[in-house]
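To keep things clear, I will list the structure first and then write my remarks on it.
The values are calculated or read from the model by the stated rules, or taken from the named source; none is laboratory data. Given the structure is predicted, the values throughout are model-derived calculations rather than measurements. Every residue, glycine among them, receives a Cβ derived from its backbone with ideal geometry; neighbour counts consider all protein chains shown. For the accessible areas, the whole protein counts, side chains as well, though only heavy atoms, and no ligand, DNA or RNA atoms are used. Shrake-Rupley method; radii C 1.70, N 1.55, O 1.52, S 1.80 Å.
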Amino acid sequence: MVNPLVNKRQKIMSKKELTDTITNRLAAAHDKITSVAQTAGRNADEIKLMAVSKTKPTDYIVAAYEQGQRIFGENYAQELHQKWQQLDMLEEIEWHYIGPIQSNKTAIIAEAASWIDSVDRLKIAKRLSTHAVSLNKSLNILLQVNISGSDSKSGVSLAEVNDLASEVYKLPQLNLRGLMAIPDQYDDNEQLIKEFNLMNGCFSELQQQYPSVDTLSLGMSADLTEAVSHGSTLVRLGTAIFGAR
Ligand SMILES: *Cc1c(COP(=O)(O)O)cnc(C)c1O
């Protein structure tokens with residue numbers, strides 16, 4: 001006999017519901033990126049979409065993968081490593097680590113991720129380089145910039161980007177690809193856009209010095225429009241794809 005209480009509480013989506021929901025959300029995100037890019041006079045092909053799957057079960061990731069999504073972002077080292085192991089049958093999946101990096105987690109991050117988008121200290125970069133050499137793989141690196149200057153956020157200041165970039169660039173098996181930032185939440189967009197423009201300027205300078213630099217990761221579910229119209233080449237969408245956490 002069916003227990004009505006249990007049925008009421010557990011609102012588990014069927015596979016079809018999950019697939020339909022994620023398919024629709026991915027399509028809506030791509031449409032939005034395309035239309036904002038067009039308005040801003042940008043080519044939508046320059047902008048990649050990362051699906052941020054932190055805290056979400058692996059069947060959510062599989063559902064997105066089946067719709068052609070390849071780039072996934074995770075914030076917690078252990079969770080990334082577990083999902084990477086569980087989903088190793090998904091060919092061409094591209095794992096990005098986007099969370100704060102503790103020294104004692106660099107080994108599992110380096111093993112599971114092909115991109116590490118939150119590097120903000122030379123010490124961490126050196127450890128990642130050492131792991132990459134012993135794993136015989138290369139790691140794509142973004143430097144995280146604390147663009148709003150808030151105490152609660154990781155990242156180097158804009159003024160420190162050049163020094164860190166020149167050191168990271170020299171490290172074996174690390175491929176310097178660009179910058180990432182998580183701005184504070186602002187009530188009006190003026191400050192946000194100012195910070196995105198600063199990031200974009202810094203990114204352009206870096207590109208002129210290092211030919212490998214091609215990625216500016218800005219924009220989450222709430223500020224997608226501003227990010228795409230101000231130079232982002234990699235947006236990171238969690239809620240917009242997988243729902244609230
Ligand atoms: C969680 C997270 C995201 C996704 O945030 P949403 O608001 O759910 O889109 C993007 N970037 C980073 C670094 C995150 O930690």
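Go through the range 227-242 and give me each residue that's assigned to a helix (DSSP H, G or I) and buried (at least 19 other Cβ atoms within 10 Å of the Cβ).
The answer is 227, 228, 240, 241, 242.
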Lone unmet requirement of (1) open to solvent by 20 Å² or more (accessible area, probe 1.4 Å); (2) within 16 Å of the ligand (Cβ to nearest atom) for residue 204: (2)
First in the range 22-46 and open to solvent by 40 Å² or more (accessible area, probe 1.4 Å), second anywhere and charged (D, E, K, R), Cβ under 9 Å, 6 or more apart: 23/66
Tally of residues being within 16 Å of the ligand (Cβ to nearest atom) and not in a loop (DSSP other than H, G, I, E, B) across the range 55-90: 12
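Among what's in the range 77-106 and is closer than 17 Å to residue 120 by Cβ and open to solvent by 30 Å² or more (accessible area, probe 1.4 Å), pick the residue that is nearest to the chain's Cα centre (by Cα).
If we take residues in the range 77-106 being closer than 17 Å to residue 120 by Cβ and open to solvent by 30 Å² or more (accessible area, probe 1.4 Å), then 100 is nearest to the chain's Cα centre (by Cα).
Residues are listed down the side, and each one gets a yes or a no for (1) within 14 Å of the ligand (Cβ to nearest atom); (2) of a type in the set (S, T, N, Q); (3) at pLDDT 95 or above:
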{"position": "168", "(1), (2), (3)": "no, no, yes"}
{"position": "188", "(1), (2), (3)": "no, no, no"}
{"position": "221", "(1), (2), (3)": "yes, yes, yes"}
{"position": "234", "(1), (2), (3)": "yes, no, yes"}
First in the range 221-245 and under 18 Å from residue 199 (Cα atoms), second anywhere and in a loop (DSSP other than H, G, I, E, B) and of a type in the set (Lys, Arg), Cβ under 9 Å, 6 or more apart: 228/42; 229/42; 231/42
Residue under evaluation residue 208, criteria (1) in contact with a Ser or Thr (Cβ under 6 Å, 6 or more places away or on another chain); (2) assigned to a helix (DSSP H, G or I), criterion not met: (1)
